[in-house]
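K.L.:
Next up is a structure, given as structure tokens.
The values are calculated or read from the model by the stated rules, or taken from the named source; none is laboratory data. A quick note: this is a predicted structure, and the numbers were derived from the prediction, not measured. Here the Cβ positions follow ideal geometry from the backbone for every residue, glycine too, while neighbour counts run over all protein chains shown. Protein only, heavy atoms only, side chains kept; ligands, DNA and RNA dropped before computing areas. Shrake-Rupley method; radii C 1.70, N 1.55, O 1.52, S 1.80 Å.
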Amino acid sequence: MIHRIFLAVLLTLGCAVAAPAFAQTSPPSSSGSSMARGYETDLQRNHYAIGITGGVGGSSGLGYRQYFGNTGIQINVLPLIYNRGDYLGIWVGGQVINYMVAWTRGHTALRLVGAGSVKISRDQSANITVPDANCASVQCKAITTHKAPVDYFTSAGAGFGFEFGAVTRPGFSASIDLMMTVMWDNDGFYSAYPLPYGSLMYNW
């Protein structure tokens, strides 16, 4: 009976001594580690970004991005006027970006992206020009003053990509995304393709 009690006491003391040792077997993680980091509440530390974007019609232009934790909302706009005003256009687009994982000390990140855009344009450069002296009839005036129709081109897409550079700190970063994109024009459905998108932004 005594030896059983003695054995129980030894086992209890052994467990008490071994417990702290097992608790320290996992080394503490360093904030400067270059290993991949999972989703953290403070993965994205920037608040704003400006730069240029490029992609399918409507997704290109001057971009502005605002971060809400690990999620960013980006908009782009590009007004176009050329050929003495015969061509007028406006490209407007938006993206929602979610940063999933960052590694190499926050210089590279995996991101999920959803996007939409619209391109509105009118091209009157093909209109027929006739001198006023030779265009007296109603039919001629109707042809020469006819306004070209407004063209619409819209798109929506979703996919993933990578961002490189100053991703989680102030500085420049570049991104490349691949999104399955569905497009529509004035006649309806136009096409659906996986298409690349890119941006160069300054973050702070």
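K.L.:
Find the Cα radius of gyration of the stretch 68-204, compare it with 2.2 N^0.38 Å by division, and give the number to two decimals.
P.N.:
Working: Rg = 21.6 Å, N = 137, 2.2 N^0.38 = 14.3 Å.
Rounded to two decimals, the normalised Rg is 1.51.
K.L.:
Taking the Cβ of Val56 as the centre, find all other residues whose Cβ is under 14 Å away and add up their charges (Lys, Arg: +1; Asp, Glu: -1).
P.N.:
Working: positive: Lys119; negative: Asp177, Asp185.
Overall, the nearby charge balance is -1.
K.L.:
Would you list Arg105, Arg84 from the most to the least accessible area, probe 1.4 Å? Intermediate results must be reported in sequence, preceding the final value.
P.N.:
On the way: Arg105 155, Arg84 245 Å².
So the residues, ranked largest to smallest area, are Arg84, Arg105.
K.L.:
Gain in length, Asp151 to Tyr190, computed as 0.36 nm per residue apart minus the alpha-carbon separation, to one decimal in nm?
P.N.:
Details: separation 39, 0.36 × 39 = 14.04 nm, distance 1.32 nm.
Once the chain is fully extended between Asp151 and Tyr190, it gains 12.7 nm.
K.L.:
Kindly report, to the nearest 10 Å², the accessible surface of Ile120 as traced by a 1.4 Å probe over protein heavy atoms only.
P.N.:
Ile120 has an accessible surface of roughly 60 Å² with all protein chains in place.
K.L.:
Turning to a different aspect of this structure: P(r) for the stretch 160-204: what percent of alpha-carbon pairs falls in each 5 Å bin, starting at zero?
P.N.:
6, 20, 19, 14, 13, 11, 9, 6, 2
K.L.:
Which of the listed residues, Tyr64, Thr108, Val96, is farthest toward the dipole's positive end in the stretch 57-138, when Lys, Arg count +1 and Asp, Glu count -1 at the beta-carbon?
P.N.:
Positive-most Cα among the choices belongs to Thr108.
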